[in-house]
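The values are calculated or read from the model by the stated rules, or taken from the named source; none is laboratory data. Model, not experiment: these values are computed from the prediction. Cβ placement follows ideal geometry from the backbone for every residue including glycine, while neighbour counts extend to all protein chains displayed. Heavy atoms of the whole protein, side chains included, go into the accessibility calculation; ligands, DNA and RNA do not. Shrake-Rupley method; radii C 1.70, N 1.55, O 1.52, S 1.80 Å.
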Amino acid sequence: WWRFQYRYLCRKAKHFVAISEFTKRELVEILGLKPEQISVVPCAAAAQYVPVENEQKRSEIRTRYDLPEQYLLFVGNQNPRKNLNRLLLAYDRAVETENLSHHLVIAGEQGWKFNREACLAPIQNRDKVHFIGFVPDEDMPALYSAATLFLFPTLYEGFGIPVLEAQLCGTPVLTSHCTSLPEVGGDAAIYVDPYQVEDMAQGIGKALQNPAYLQGLIQKGFENAKRYSWVNSAQLLNEIIEKVVSV
């Protein structure tokens, strides 16, 4: 049904909108669309994502979710493309090789085809892993802000809004070197191979051993996130619609 639907849409649609240059390339390569048929209108993060520097608010978040003083954060639905099985192994290895005291916090709903117990089975430091489930929007800026490092080594993203959310909250980002993520993160992130546990573990260790480097990423993150705005994207989409309907 999906194959039929996409073939039908490719024949009938006048124009296509992609959320990233990566997605545009996929539309060309997989569906055979012409590049001139596709416009890119990027996503953005919500205006609420700003640094929460008030220590009392950070402390309240840690208390609410029973979190330690220092933690690494992952945000996302728990499904296979989020790569949590390798992330857990990489974190576990980093704890052992780098003697990390940081815990790992995983925020997000239980997804399809994800077996938490199976993923945790080989983890030696599972007592340092916190699955806190769904977090309401109003808590997210403080959760990001209180994290030492945001980890997002997913296998596939059409855009990757959490990267921008973390950057806007002043949290350095470690993410994948593939799909749309380098495009979104710019020069303000640490990039790793999401299929290589050792590469991820080394990336985590290297980042946490160099506070000056992390501080530089924070400043670059603020600048990078300025490239994206829902207002600008809405205006761009409106211009595309007006152009297409006038033809």
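If you check Gln219, Gln215, Gln196, Gln209 for being in contact with a Lys or Arg (Cβ under 9 Å, 6 or more places away or on another chain) and of a type in the set (S, T, N, Q), only one passes: Gln196. Scanning region 163-209 for residues that are of a type in the set (D, E, K, R) and either open to solvent by less than 10 Å² (accessible area, probe 1.4 Å) or within 13 Å of the chain's Cα centre (by Cα) (or both) gives Glu165, Glu183.
When region 97-114 is examined, which residues are found to be open to solvent by less than 90 Å² (accessible area, probe 1.4 Å) and farther than 19 Å from Phe152 by Cα? Of everything in region 97-114, those that are open to solvent by less than 90 Å² (accessible area, probe 1.4 Å) and farther than 19 Å from Phe152 by Cα turn out to be Glu98, Ser101. Taking the conditions (1) touching a residue at least 60 places away in the same chain (Cβ under 8 Å); (2) farther than 21 Å from Gln235 by Cα in turn, Val17 satisfies each one other than (2). Put simply, of Arg25, Arg7, Arg3 the only residue that is among the charged types (D, E, K, R) and under 24 Å from the mean Cα position of the chain (by Cα) is Arg25.
Among the numbered conditions (1) at negative phi; (2) touching a Ser or Thr at 6+ places or on another chain (Cβ under 8 Å), the only one that Gly160 does not meet is (1). Can you tell me which residue within region 132-162, out of those that are touching a residue at least 60 places away in the same chain (Cβ under 8 Å) and among the small types (Gly, Ala, Ser), is surrounded by the fewest Cβ atoms within 10 Å (Cβ to Cβ)? Ranking the candidates gives Gly158 first.
Pairing residues of region 167-187 that are closer than 20 Å to Ala201 by Cα with residues that are outside any strand (DSSP E or B) and among the β-branched types (Val, Ile, Thr), at Cβ distances under 7 Å and at least 6 apart in sequence or on separate chains, gives Pro172/Ile218; Val173/Val163; Leu174/Ile204; Thr175/Val163; Ser176/Thr154; Leu181/Val163; Gly185/Val163.
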